[in-house]
Each structure stands twice: as C-alpha cells, then as structure tokens.
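Since the structure comes first, as structure tokens, the remarks are kept for the end.
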Amino acid sequence: MVIFDHPDTNINDFSKELGVKGIELDLLSESNVVKAIKEAFSILGGFDGVINNAAATGEFMLQKGDAFSPFEDYPLELWMHGMNVNLTGTFLICREAGKYMKSHGGSIINISSTYGFLAPDHRIYKNQKFKSMPSYSASKAGVLGLTKWLSTWWAEDNIRV
C-alpha cells in the first residue's frame, strides 16, 4: 500500500506507523501528480485500487483567508483552492491511475460528502464562526458527477468507479 499526503504534513512518520510507503503529493501540481502516481505504480507493480479522500478543509482554508465569510464576500481565491484540491485533484488522480488500470481493471473510490448532494442547513451555523464553505459543497458535488461519468467511461475496461 502507498499513501499520499500534502508536503506540509509528516507523511514519513505516519506511513512508518502504518507500515506502508508514503509519498508527498501536491494535488495542485499536475506534474507532481503524474510523478507520484508513476512512483506508486513502480513501488507496487500495479494498482488494484485507488481511494481519493483529499479535501480542502476549513482549518486549512482559514490559513488562506476568511474561509467562512458570507457568500456575498467569499473570496475567489478560496473558491478556486477548494475546487482545485477537491475536484481537480480527484480528476488528476483518476486520470493518471486509470492509465495504468486500463490493461487489467481495478477499482477507484472517490470520497465525496453529504454536502455533495444535500445543501447544508445554514440555520445550524447562524451564530457560529464556522459555516459550510460554498466551494466545498460545489466541488464535492462535482466529485459525484465525475465519479458517475468515469463509471460508464471505464466500464468496458473493468475499472469500477
């Protein structure tokens, strides 16, 4: 097993604790994703399955700016960051892993969120600093759409998505 995590994390200690290989991965860099998938394939000798579970979380987004500002003031930079991590990152991992899986099949599991198919109840957060980020809901809905699309695209290649 190989796990990926953002370069700002301590992937080496975590992977040693799990007894697996850890690879730093910046999902915002297409070339980094291509390189990381190639390295994982080389280590494993193939892919039977891939799990996409990355998310631009509120804590991380707070470092980028006011992640919980009202929608009318929501910064485009945070919108794009959420979309790039949650949706584009999933797209890149699927695309690159799928290239290796086409010859023998496999499974790809894309983790979305309840907020990907249900809108948050904003009344819950009314008097709190924390609010659901619009980029999170929109990008996780996109993950669901991408997953459905890929499931039919790769069906004949025995890749279950």
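Nothing in this text is a laboratory measurement; each read-out follows from the coordinates by a stated rule. Quick caveat: nothing in here was measured; it's all calculated off a predicted structure. So basically every Cβ, Gly included, is an ideal-geometry build from the backbone, and we count neighbours across all protein chains shown.
Could you calculate the FRET efficiency of Phe117 with Glu72 from 1/(1 + (r/R0)^6), where r is the beta carbon distance between them and R0 is 25 Å, rounded to 0.05? Efficiency, from the Cβ-Cβ distance: 0.55.
Using the Cα centre of the chain as the reference point, and only Cβ charges (+1 on K/R, -1 on D/E), how large is the resulting charge dipole? Debye, rounded to the nearest 20. Don't skip to the answer; put the middle values down first.
Working: 15 positive and 18 negative charges, 82 e Å.
Its charge dipole is roughly 400 debye.
Candidates Gly82, His122, Ser135 compared by Cα position along the dipole of the chain: farthest toward the positive end lies His122, with charges placed on Cβ.
For Val34, what is the net charge nearby, where nearby means another residue's Cβ is under 15 Å from its Cβ and Lys, Arg count +1, Asp, Glu -1?
Values: positive: Lys35, Lys38, Arg95, Lys99; negative: Glu24, Asp26, Glu30, Glu39, Glu96.
For residues surrounding Val34, the net value is -1.
The modelled label-to-label distance between Ile43 and Trp79, using points 7 Å beyond Cα along the C-beta direction, is 3.7 nm.
Cross-link reach is defined here as a Cα-Cα straight distance under 16 Å, omitting same-chain residues fewer than 8 places apart; for Lys16 the aspartates and glutamates meeting it are Asp5, Glu24. Peptides 2-14, 101-113 ranked from most to least packed, by the mean per-residue count of other Cβ atoms within 10 Å: 101-113, 2-14.
Computed per residue of the chain from DSSP H runs no shorter than four, each worth -39500 (n - 2.57), the mean residue ellipticity at 222 nm is -13500 deg cm²/dmol.
Put a dot 7 Å past the Cα of Trp149, heading toward its Cβ, do the same for Asn12, and the two dots end up 3.9 nm apart. With 27 Å as the limit on Cα-Cα distance, the pairs of Lys126/Lys148; Lys21/Lys148; Lys21/Lys102; Lys99/Lys140 that go past it are Lys126/Lys148; Lys21/Lys148. Computed over the alpha carbons of region 2-160, Rg followed by Dmax gives 16.9, 53 Å. In a fully extended conformation the segment linking Asp26 and Arg95 would gain 23.3 nm over its present Cα-Cα distance, using 0.36 nm per residue.
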